[in-house]
Amino acid sequence: MKLSLLSNVNLDSLISRLSKQYDVYKTEGYGTWIQEIINPDSGLYSFGPDMVFIVLDGEEMLRGQSESNEIIDVNINYIEEAVKNNPNITFFVSNIDLWTAKIESAKSGSKERRLEFLWEDSLFLLCEKYKNLYVFDIKSIVEDKGREQFYSKKLWYLGGIKYSMKAEKLLEQYINRCVASFKGKRKKCLVLDLDNTLWGGVVGEAGIEGIELSDYKEGARYKDFQRKLKEIKDLGIILAVVSKNNFDDAIKVIREHKHMVLKEEDFVALKINWDLKSQNIRDLSEELNIGLDSMVFIDDNPVERESVKRELPEVVVPDFPQDSSELVDFATELYNNYFYTLDTTYEDTVKTEIYRQNMKRRDAQKSSASYEDFLRSLETRIEIRRINAENVQRAAQLTQKTNQFNLTTKRYSEQELLALINDQGFEGFVAYVSDKFGDNGMVSVVITRRKSDSEVELDTFLLSCRVMGRFIEDRIIGFIEDLYKKAGYKKFITYYRPTEKNAPVKDLFERLGYTLLDVDPEGNKKYVLDFERLSECSRKEFGELIAL
C-alpha cells in the first residue's frame, strides 16, 4: 500500500511511524501541500500513491489572512482540482479545529466556529460529487480527547511541532482504520451474549421484570449500548446471539420487553442453549458460511471469553468493560477497531435479511429429495449487467472482501475499477441473484481483457460465498464464453492463483473442461478454452439467466 501524508504543519514523526507499515511518500517541507496536489509533475504523482491524506491545521491555514472565507474557497478549489484530475487516487482531507483566538463579548459570537463549518460543509459537498474523496475527521478526535491533550504548546514553541505525541498516535490509528476499510478488512459478524451484556442481571433468576433495561439509571446504560449496536448493524454488520440460557426466558425478553432496542429480526441467528459457546460459534460460522476470523465475540464473563479464545483462536474476543457506564464507549471502540467502513451499499443495509434467507434455503435443502431437486425448486434468477457508475461501489467492495470463490484475488477500488472498464481492452460485468426466498443482490464480478483479435483473458472472476454451491458460476462463465465466441474470438485464457482461502475453486476450470497450460512452483495455474470445442464442455444450468 502506497500512501502520502501532506500537511501545513510538521508531521515528520508521524510519517516516520507510518513508514514502518506502508510505502510512504515524504514531501520536501510540510508547507508545500498545495504545490504537491496541483502540479501534475510533482513528486507526489510520480510516486503514484493509492491514498493521500491531507491533514490541515486550521490556524496555520488562516494565519495572517484578512479574508478567511476567500482563502477557504481557494483551498477547496485546489483540492477539487486534484481530486477530479486523479480519479485513481483516494483522498482524505481533514476538517479543521480553530481555537477562539480573540477575547470578545458573548454577543460577538465565534467567527472560528463559522469558519470550521464553512470548511467542512465545502468538503462534504465535494464528497458528494467525487467518489474518491472522504473527510478525515480530525475535529472529532480533538473534541473527544480535548485540546489540552491533542496540542502541545511546548513542542510548538520549541520545535514548530503542533500536535502532541498522543495526538500523533490517534492520527496514526485513524489512518490505519481508513486503510483497513479501503482494503475491505473489516469483520463481518458481531456475536453477543445476553445476561449482563445486552441487559443487566440474569433473566433466569430475576425474570423479565427484574432485569436492568430502561430509560434511566443502570438500565439506560444497556439500552444505550443496544442503540449503538443497532447503528453498527445498520452499516452492514450481522448480529448473532450465543448465550447460555433457557430459551423461553431469553426470547421473552427479546420479543416482549418494551425497552429492547434490538429485536428478533435484528439477529441473523439466536443460539440460546446450554452448549459450549465455542461450539455454538463454530456452528454459526458454518451456517453463515463465514470464517471464524470474521467474527467478534462479546461476553461479560471472563471465563467464557477465555474459553472461546482457547478453543477458537481465530475469533476476536475483546475485554468487556468492568464498569457498565463505559458500554457506549465500548461499542464505539468495537466499531472503530473491527467494523469501520468508509461507505455503505444497499446490500449492506439489508445484509441481515440476506443471511436469514440463506438459512431458510438450508432448511429447504434438508427437506428436498435430492440436491438437484433443491436447486430446481429455488427458481433462481441471474441478471448480468455491465459495470457502471451506479454499481461500481458494490463491485469494488466485492473485489476487496471476497476470498473463497475468487480465482485471481485482485483487489480494486472504485476509482481503479472505473478506470479499468474505461480502458478499451477491458470489460466488466456484475451478476445479481434472486430466488423464491428473496434477493441476494450483487454477488459476482467478472473482468475480462482482450489480448488480441483472437484471444481474451479472464482478469477477475469472483462469487460471494453466500451463493456458493448452487452452480451459479456455470451460468455466469457460460454467458461470458458465449459472448466472446459470438464476437469472433478463438481462445479464452483463464487463471487460478492460490491463496490461503480460495482452495474451494482450485479445480474449477478442470471441472468446466478447460485445458491446463501451466503450473508454476507456487501453484499458479494457467488454462485455455478453445471456443471451437465449447459445445463439448458440460455446464450446470439451474435457474434463469437474463443479460441486461
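Rule-based calculations on the coordinates, nothing more; no lab input. For clarity, every value in this text was computed on a predicted model and none was experimentally measured. Here the Cβ is made from the backbone with ideal geometry for all residues, glycine too, and neighbour counts use every protein chain on show.
Restricting to DSSP loop positions (anything but H, G, I, E, B) with no more than 14 other Cβ atoms inside 10 Å of their own Cβ, which trypsin sites (Lys or Arg not before Pro) remain in region 448-483?
Counting only loop positions with at most 14 other Cβ atoms within 10 Å, the trypsin sites (Lys or Arg not before Pro) in region 448-483 are Lys451.
Taking square-rooted eigenvalues a ≥ b ≥ c of the alpha carbon gyration tensor, is region 388-470 rounded, prolate or oblate, where a/c under 1.5 means rounded and, failing that, a/b exceeding b/c means prolate?
The shape class here is prolate.
Determine the distance separating the Cα centre of region 495-548 from the Cα centre of region 169-205; give it in Å without decimals.
38 Å
Give me the aspartates and glutamates in straight-line cross-link reach of Lys486: C-alpha distance below 16 Å, same-chain residues under 8 apart excluded.
Partners within reach: Glu427, Asp453, Glu455, Glu457, Asp530, Glu532.
Using 16 Å as the cut-off for backbone N distance, which residues of region 464-489 belong to the label zone defined by a point 7 Å from the Cα of Glu455 along Cα→Cβ?
Within reach of a label on Glu455, which here means backbone N under 16 Å from a point 7 Å along Cα→Cβ, region 464-489 contributes 489.
What are the ³J(HN,Hα) couplings of region 236-253, residue after residue, when phi is run through the Karplus curve with 6.51, -1.76, 1.60 and θ = phi - 60°? Round to Hz, x for glycine and proline.
Working through the residues one at a time gives x, 9, 8, 9, 9, 10, 10, 9, 7, 6, 6, 4, 5, 5, 5, 5, 5, 5 Hz.
Counting other C-beta atoms within 10 Å, and keeping those with at most 10, which DSSP coil chymotrypsin sites (Phe, Trp or Tyr not before Pro) do you find in region 189-246?
Of the chymotrypsin sites (Phe, Trp or Tyr not before Pro), the ones in loops of region 189-246 whose Cβ has at most 10 other Cβ atoms within 10 Å are Tyr216.
Using packing as a proxy for protection, rank 134-140, 252-258 so that the peptide with the highest average count of other Cβ atoms within 10 Å comes first.
By packing density, highest mean first, the sequence is 134-140, 252-258.
Near Lys526, which lysines are there with a Cα under 20 Å away, not counting those fewer than 8 places off in the same chain?
Lys410, Lys451, Lys485, Lys490, Lys491, Lys501, Lys506
Which entries of Lys131/Lys162; Lys129/Lys228; Lys84/Lys525; Lys252/Lys360; Lys233/Lys366 have Cα-Cα distances beyond 27 Å here?
Over 27 Å apart, Cα to Cα: Lys131/Lys162; Lys129/Lys228; Lys84/Lys525; Lys233/Lys366.
Sort the chain into rounded, prolate or oblate with this rule: let a ≥ b ≥ c be the square roots of the eigenvalues of the Cα gyration tensor; rounded if a/c is under 1.5, and if a/c is not under 1.5, prolate when a/b is larger than b/c, oblate otherwise.
Judged from the Cα gyration tensor, the chain comes out oblate (a/c at least 1.5, b/c at or above a/b).
For region 366-547, what class follows from the C-alpha gyration tensor (a ≥ b ≥ c being the square roots of its eigenvalues): rounded when a/c is under 1.5, otherwise prolate if a/b is larger than b/c, else oblate?
Rounded is the answer for region 366-547, as its axis ratio a/c remains below 1.5.
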